Amino acid sequence: MNIGIAGTGRMGAAIATRLGGLGHKVVVWNRTRAKLAPLVAAGAQAADSPAALAAASEVIITILTNAAAIDATYGGPKGLLAGDVKGKLFIEMSTVRPQTQLVLAAKVRAKGAALVECPVGGSIAPAQQGKLIGLMGAEPADAARARPILEQLCRRLEHCGPIGSGSVMKLTINMPLMIYWQALGEALALCRPLGLDPARIMDLLADTSGGPNALKIRGAGVAQMLKGGDAGPVTFDVDSAVKDLRTMVAEGKARGVELPLTATTLGCYEETKRNVSGAAEVSTVSVYWANRAKQPSETV
Ligand SMILES: NC(=O)c1ccc[n+]([C@@H]2O[C@H](COP(=O)([O-])OP(=O)(O)OC[C@H]3O[C@@H](n4cnc5c(N)ncnc54)[C@H](OP(=O)(O)O)[C@@H]3O)[C@@H](O)[C@H]2O)c1
């Protein structure tokens, strides 16, 4: 199948690699063209504009930073919706507010095409291996059309309801994870005076109810950072986490749902971004908060 991928950042590039590896004819476009080079070297075809990508593809996947990126890529004279897209299927996978997907769906339908939203859980490696968790929001017929492609990207695909419901579920699964990195930082601040090897603490935590799957994956990186080393490859950065937390807080406000812990966590992440870097790996939040604590004079 001819599949277009507009937005080849970390996730888009991994998805392009996965689909190309399965034998699909993959067409790619990215605002920063230089990022296309490795994908083209691996056999993808580069499009000059989102409109050209849509013209060359039956199915178009987008996975972009935020609502502004979606507007810029779908809209305008060279945007994905600029040409004749009647009958095409768009699959939008960014983490954004449900309202963003609803507005986009109306624009896509007005052009005679279909939109399925499918934000995902999981990062670069699961995307490359087809092991994402897909959270679909779509009309049933559109969902059925998107399913065969999404099943090649996801180990679990949930159709959560109409457009918008996938985004609500994506914010739902990310919320405890974002809060967790802050909780871990505070827990480490408490035990730091004991002087135990950070790798030992991570190993112990991962073996208890205090250790979710994310810790099993990133715990060694956190231990490295606590010893002054590097986090390893950045798969999800502090900027993206701040964006997600802001999206959660805004969504809670719009729905009249109180999210006091999420709002506080957002402030903690914003402080980390100011004092470390938005480009740092997300678990840097735990390390920043572990190190930020004033050390008591007595250790136990
Ligand atoms: N990384 C993860 O682990 C992960 C997991 C699940 C979901 N997500 C979600 O997936 C989405 C992409 O994440 P990512 O980690 O792949 O981010 P990323 O590496 O920063 O890529 C972002 C993509 O959006 C494009 N973009 C940003 N602003 C744009 C604009 N104004 N016009 C056109 N294109 C624009 C970027 O183009 P340039 O290259 O030109 O900047 C790039 O292609 C986000 O919504 C994120 O929350 C990420």
Taking the residues in the stretch 234-269 that are of a type outside the set (A, V, I, L, M), free of Cβ contacts under 8 Å to residues at least 24 places away in the same chain and assigned to a loop (DSSP other than H, G, I, E, B) as candidates, determine which candidate is surrounded by the fewest Cβ atoms within 10 Å (Cβ to Cβ). Gly256
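Within the bounds of the stretch 126-134, is there any residue that is in contact with a Phe, Trp or Tyr (Cβ under 7 Å, 6 or more places away or on another chain) and closer than 25 Å to Gly252 by Cβ?
Quick first cut of the stretch 126-134, residues in contact with a Phe, Trp or Tyr (Cβ under 7 Å, 6 or more places away or on another chain) only: none.
Within the stretch 126-134, none of the residues are in contact with a Phe, Trp or Tyr (Cβ under 7 Å, 6 or more places away or on another chain) and closer than 25 Å to Gly252 by Cβ.
Which of the residues belonging to the stretch 1-13 are at pLDDT 95 or above and either surrounded by 23 or more Cβ atoms within 10 Å (Cβ to Cβ) or away from the ligand (no atom under 15 Å from the Cβ) (or both)? Can you show your working first?
Step one: of the stretch 1-13, the residues at pLDDT 95 or above are 2-13.
Those that are at pLDDT 95 or above and either surrounded by 23 or more Cβ atoms within 10 Å (Cβ to Cβ) or away from the ligand (no atom under 15 Å from the Cβ) (or both): Asn2, Ile3, Gly4, Ile5, Ala6, Gly7, Thr8, Met11, Gly12, Ala13.
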I'd like to check something: does the stretch 138-147 contain any residue that is closer than 23 Å to Ala254 by Cα, more than 16 Å from the chain's Cα centre (by Cα) and surrounded by 15 or more Cβ atoms within 10 Å (Cβ to Cβ)? yes
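Could you tell me which of the residues Thr208, Thr272 is among the hydroxyl-bearing types (Ser, Thr, Tyr) and assigned to a helix (DSSP H, G or I)? Please lay out each step first, then the result.
Details: Thr208 fails: assigned to a helix (DSSP H, G or I).
Going through Thr208, Thr272 in turn, just one is among the hydroxyl-bearing types (Ser, Thr, Tyr) and assigned to a helix (DSSP H, G or I): Thr272.
The values are calculated or read from the model by the stated rules, or taken from the named source; none is laboratory data. A quick note: this is a predicted structure, and the numbers were derived from the prediction, not measured. Note: ideal-geometry Cβ built from the backbone for every residue, glycine included; neighbour counts use all protein chains shown.
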